[in-house]
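Let me give you the structure first, and then I'll get to my questions.
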Amino acid sequence: MKKLIALVFALVCILSLVGCNTATQDTKANESWTFQAILVDFYDGFYLVEPLEDSYEGSVANQIEVPIKKLDPSLEPEVGDTIEITHSGVIMEVNLSRLREVYSIKVIEEAE
């Protein structure tokens, strides 16, 4: 009987943790984050950027890959430009850190 009670208690704890995790993900899905970075390189559908030091993203990674599909084709920043990136807030750890979903990219300052 004690084993059954312990099993039910463990199951309730696990299910409550799963419910909390889902709520957290739903909240993040509705948020957007913005940061500024310097464009270092571009290749294979990605920009490689270095976040400015005062951003949260800069505290997570020195360089981040930013997917550029689904973005305005007339947008053509050059290496050295400072750009502003709005994204979903999810930073994936791949080879380099990579943003999961990007909503917009703006050139803030052109390289000299």
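Each value in this text was obtained by applying a stated rule to the coordinates, not by laboratory testing. All values reported here derive from a predicted model rather than from experimental measurement. With ideal geometry, Cβ positions are generated from the backbone for all residues, glycine too; neighbour counts draw on all protein chains shown.
Place the peptides 79-88, 39-48 in order of packing, highest mean first, counting for every residue the other Cβ atoms within 10 Å and averaging per peptide. Please list the in-between numbers first.
Numbers: 79-88: 16.9, 39-48: 14.6.
In descending order of packing, they fall as 79-88, 39-48.
Quick check for me: using +1 on Lys/Arg Cβ and -1 on Asp/Glu Cβ, what's the dipole size of the range 33-109 about its Cα centre, in debye to the nearest 20?
On the way: 5 positive and 15 negative charges, 75 e Å.
Dipole magnitude for the range 33-109 comes out near 360 debye.
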